[in-house]
1. Taking the stretch A:290-317 as the search range and keeping residues that are among the charged types (D, E, K, R) and open to solvent by less than 30 Å² (accessible area, probe 1.4 Å), which one is nearest to the other protein chains (Cβ to nearest Cβ)?
2. How about the stretch B:290-315: which of its residues are farther than 18 Å from A:D275 by Cα and either among the hydrophobic types (A, V, I, L, M, F, W, C) or part of a strand (DSSP E or B) (or both)?
3. Out of A:L168, A:L182, A:L192, I need the residue that is crowded, with 19+ Cβ neighbours inside 10 Å and over 23 Å from the mean Cα position of the chain (by Cα). Which one?
4. Go through the stretch B:302-320 residue by residue and tally those that are under 20 Å from A:K206 (Cβ atoms) and either modelled with pLDDT under 95 or acidic (D, E) (or both).
5. Given the options B:R89, B:R105, name the one that is crowded, with 16+ Cβ neighbours inside 10 Å and more than 29 Å from B:S298 (Cβ to Cβ).
6. Quickly run through the stretch A:195-225 and pick out the residues that are open to solvent by 70 Å² or more (accessible area, probe 1.4 Å) and within 11 Å of another protein chain (Cβ to nearest Cβ).
7. Could you tell me whether any residue of the stretch B:318-333 is open to solvent by 30 Å² or more (accessible area, probe 1.4 Å), within 12 Å of chain A (Cβ to nearest Cβ) and farther than 30 Å from A:L168 by Cβ?
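The values are calculated or read from the model by the stated rules, or taken from the named source; none is laboratory data. Note that the structure is predicted; figures quoted are calculated from it, not measured. Don't worry about glycine lacking a Cβ; one is built from the backbone with ideal geometry, like all the others, and counts go over all protein chains shown. The protein model used for the area step is the full one, side chains on, heavy atoms only, and it has no ligands, DNA or RNA in it. Shrake-Rupley method; radii C 1.70, N 1.55, O 1.52, S 1.80 Å.
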2 protein chains.
Amino acid sequence: MKLSSKNIETRLDTVYDAIVVGGGMGGLSAAIYLARYGLTCLVVEKGKGRSLWMQDLRNYVGLDPDTPGRDILNHGTKQAIEWGADHLRGYVEEVTDEGDTLAVRVKVGKKDSTYPVFRSKYLIAASGVIDKLPQLENMQNVYDYAGYTLHVCMICDGFDMWDQKAVLIANTEGQIGAAFVLNWFTPYISVLTHGLCEVSDETKQKLADHGYPLYEAPIAKIHGENHKMSGIELTDGTMVEATTGLISMGSIYHNQYLKGIEGLEWNGENLVTNDMMKTSHDRIFALGDLKQGINQVSIAVADGTLAATQIWRNIRRASEPRKWEENLEKVNVAV
Amino acid sequence: MKLSSKNIETRLDTVYDAIVVGGGMGGLSAAIYLARYGLTCLVVEKGKGRSLWMQDLRNYVGLDPDTPGRDILNHGTKQAIEWGADHLRGYVEEVTDEGDTLAVRVKVGKKDSTYPVFRSKYLIAASGVIDKLPQLENMQNVYDYAGYTLHVCMICDGFDMWDQKAVLIANTEGQIGAAFVLNWFTPYISVLTHGLCEVSDETKQKLADHGYPLYEAPIAKIHGENHKMSGIELTDGTMVEATTGLISMGSIYHNQYLKGIEGLEWNGENLVTNDMMKTSHDRIFALGDLKQGINQVSIAVADGTLAATQIWRNIRRASEPRKWEENLEKVNVAV
């Protein structure tokens, strides 16, 4: 059922089998599996996740390569609700470990916000990341190209940059290292730091050895039309010619709501999980971009399958087996 | 490119980056990723795999729940070929480890078969399983229900059996144990052995304790119409009423072609892999139902992503980095 401020109250006494934080591809996969295991679940989706920004999903079996992320998210949300999941638009602010249950406080509504608390036996953290973007005065200029010809994922879109003149926009010396992977797809790489980091002599030398020019002035404007880049103008007046690019500036993690939970093992901002996506906390699972590993839709979707399956196993094994009562006397045992 | 006996010769001198044995969901995912990494690959598909039998795919994010397996396979095959993969209809008979390459002998064509040998640096074993079905004199009677109301996967279809009268068709005492998981979805379970195994007193007692009748006579005929079961008639004349069922008879693995490879670690018929789907052989990967773990489309698709990514990493790291030659003198290094 789709929840909103109008019908939230009907669920405040519910103890869900699982609450899924994040209604992206991984969270929706978890919800679809949970619902089809006959378990109750609530998906809380804040909106504006990484997959919503995808203009096309080129490497997911079964979908047309020009399918936008938005369409798949809408489709999967409908699918999850139809199988019986609850779905709420809201922002998870805090999770509290109450022993037998987890309490999940959600901010609902941007104006006149309410802060309902939902409870569940298990929590699936599927709230993912969003990509850091270069901050320009006119952010619309960035949005006009990001996800089209200015990419954020080399695995997803490296192929579409093949042998083109490309910018690599990096905000740390470590991120500049992406140039030496991106050169698999194209060697015509200009590195831009947008004035965000110092570059060591060693890295400068390595870039020069590869013929990749380095520009350290901030970006003024992305040039092009109809989402197709033609170049990037820097504040010092330089024009860097490029028809494509990769933003390699790291991610912003939506995981603050878990920072108060004791006993969770982190690796940086990623949660450490086992092969069924269980974290070091027995009732908290993590998947997709929030766990360690490769950030890909196909992997998040499988993670959702695994987390939901393990939660089903746990709940099933803790339940009384269902007997065929009316047969109990009839069945003839010749022991 | 679609290969056939007419154009195979053009590829006999090729050393592919990878050959993918099996064009099911996992193999196609691997091929799409390999192609988009700019690697050369050949998918060899024998046909009639498990996903071809699926009448609907209810739990894969982004696809309508009534999408038949056949449609997704056709769509994914087209997708892989469009990104640059080669695809051949044939049966892999043997793989030989030649040191730097693997030689893959394929039987092509049912009549006047030819036996071309293809070579690759890496092999992805994605040839999966098919489900064992009860053998009746009239197999069409089985095919009329299998995949519709007579299921082969509890995780996929347990939900659709909810509280219905169900048969569990098991061929070993171990498989009978599935009754005590299936009862999560329905307690109205009749167990049929089709005369294929002895049942111990202990198991008989456990079934009786749950009220699940056991029928040991062979199946004569599945009753129903329009793919909807109404019951199963046994050779002793008994009619077992049921509107759904689960066939729990294990799987036939297509993995014979790997049995001659030294150093491959097996767990029964499954290949043991690491978290990037690499087997104990550095150039052989295994995924989907062929590796250990849960048999689900979503998982096979992610496995394909992982295997292809690791192969790309290996090949990329072994390659000379591409430099922007014309810049090599121009780039000004202020070191």
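1. A:D303
2. B:A308, B:I311, B:W312, B:I315, listed by residue number.
3. The unique qualifying residue is A:L192.
4. 1
5. It is B:R105.
6. A:D201, A:E202, A:Q205, A:K206, A:D209, A:E216
7. No, every residue in the stretch B:318-333 fails to be open to solvent by 30 Å² or more (accessible area, probe 1.4 Å), within 12 Å of chain A (Cβ to nearest Cβ) and farther than 30 Å from A:L168 by Cβ.
Condition check ((1) aliphatic (A, V, I, L, M); (2) closer than 21 Å to B:N171 by Cα; (3) touching a residue at least 24 places away in the same chain (Cβ under 8 Å)) across all residues:
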site	(1), (2), (3)
B:E98	no, no, no
B:A103	yes, no, no
B:V108	yes, no, yes
B:V117	yes, no, yes
B:Y122	no, no, yes
B:S127	no, no, yes
B:L133	yes, yes, yes
B:Y145	no, yes, yes
B:Y148	no, yes, yes
